[in-house]
Amino acid sequence: MTSLPKRGQGGFTLLELLMVVVILGIVTAVFVPRIGAGLAGARLATGARTVIQAARYARTMALLHQAETELVIGLKSGIVRVEAAGTPAPPTAADPAGPLPEAWPAAEDNDAVSGVTNRPAAAMTAQQFADELRTEFTCEGIGFRFLGYDDTLDETASEPAGDEAPECRIRFRSNGICRPFGLRVLIDDEEWMELAFDMTGAGKVRDEAR
């Protein structure tokens with residue numbers, strides 16, 4: 001019976017191992033930055049898509065309920081929310097019902113004891129609308145910069161705050177119209193995407209970092 005020849009038990013030489021290390025280093029240097037840029041681009045796209053969807057929601061609710069809404073953009077926090085224009089401050093432990101707007105009469109003493117207010121029915125409906133409308137979105141690792149309005153109207157009622165303020169507010173009228181504006185979605189001021197919103201609140205990419 002003829003036996004098969006044994007194969008050699010050779011291993012890798014030091015030169016071969018060094019060549020593998022060099023090749024891995026080259027591949028890492030070339031592709032890792034591209035992967036990082038791709039992840040940053042995906043985060044920017046997600047942030048832009050979130051704002052565009054929130055603006056669409058604000059306009060839809062304004063038209064559906066024939067009431068003014070606001071798109072509130074956290075410039076540093078990355079939090080985007082939609083709420084009724086002039087929404088009262090949220091309730092506190094000291095005031096579970098929340099502060100009453102000036103248009104709402106204060107509760108009588110017996111109502112205060114029983115926990116029932118004498119707010120008008122219309123005001124209660126507005127409060128319920130504000131509670132149901134409020135929607136919040138969070139964009140992790142994303143900041144925003146308001147770039148100003150793209151029209152020449154002199155309207156200060158819904159004028160967004162500057163970059164030093166924590167947020168800016170864009171108001172949608174009951175007919176679903178807002179002032180056209182620009183917004184930059186950014187990551188550490190290095191990676192950014194610029195959006196333009198028209199008077200219907202529809203947003204599209206206007207420019208981005210190259």
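Only one of Thr60, Thr87, Thr2, Thr28 is in a helix (DSSP H, G or I), of a type in the set (S, T, N, Q) and modelled with pLDDT under 90. Can you tell me which? The match here is Thr28. Taking the condition of being under 30 Å from Ala42 (Cβ atoms), open to solvent by less than 70 Å² (accessible area, probe 1.4 Å) and at pLDDT below 90, how many residues in the stretch 140-182 meet it? Summing the residues that are under 30 Å from Ala42 (Cβ atoms), open to solvent by less than 70 Å² (accessible area, probe 1.4 Å) and at pLDDT below 90 in the stretch 140-182 gives 5.
The values are calculated or read from the model by the stated rules, or taken from the named source; none is laboratory data. Please read these numbers as outputs of a predicted model, since none were measured by experiment. Neighbour counts run over all protein chains shown; Cβ positions are idealised from the backbone, glycine included. SASA here: full protein model, heavy atoms, side chains in, ligands and nucleic acids out. Shrake-Rupley method; radii C 1.70, N 1.55, O 1.52, S 1.80 Å.
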